[in-house]
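The values are calculated or read from the model by the stated rules, or taken from the named source; none is laboratory data. Fair warning: this is a prediction, and the values are worked out from it, not measured in the lab. Neighbour counts run over all protein chains shown; Cβ positions are idealised from the backbone, glycine included.
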Amino acid sequence: MKWLSDLLFGGIIEKFTGPLLAAYQAKLAAETDQQRLAAAEVIKGIESARDIAVTEATDRWSATRIGRLLIVIPFGLWWAAIYMVQILNPWFGLSLVVIDVPPRINDMALVLIPAIVIGDAGALLARRLNR
């Protein structure tokens, strides 16, 4: 079963097991209410981070994640290349050129990138409301 959980969650659960166990032990060893409350807050923070990491790992093949990989990242790199060429050409006397994206792909990106960003914002809002 461990190999299946590693395949699905990428070892995320193990990253949180040690700190969570230490926080629970600190809560049990606490001598005052203030120490118990502080340990409870640490536990709550670790559990929240774990839940978010597990949700992200299980959402590996979502439309927004695939859209980010196939559309947003390449366009981000393309725009970064344009800015870098604009900076490097005058500094070093180069004549580098960034080739333009075909018009049809550019038109699709102008629709898809905002849709992906809105989808990410909606997913983040849904996660925060479900807490």
Practice task
Filter the range 78-99 for residues that are under 29 Å from the mean Cα position of the chain (by Cα) and without any contact (Cβ under 8 Å) to a residue 12 or more places away in the chain and give the result.
Solution key: Trp79, Ala80, Tyr83, Met84
Fill in the blank from the handout: When every residue in the range 75-126 that is closer than 30 Å to Asp51 by Cα and touching a Ser or Thr at 6+ places or on another chain (Cβ under 7 Å) is compared, the one modelled with the highest pLDDT is Ile116
Exercise for the section: Could you list all residues from the range 15-49 that are of a type in the set (Lys, Arg) and free of Cβ contacts under 8 Å to residues at least 24 places away in the same chain? Expected result: Lys27, Arg36, Lys44
Problem - Pick from the range 61-119, criterion part of a helix (DSSP H, G or I) and aromatic (Phe, Trp, Tyr), ranking: surrounded by the most Cβ atoms within 10 Å (Cβ to Cβ) - result: Phe75
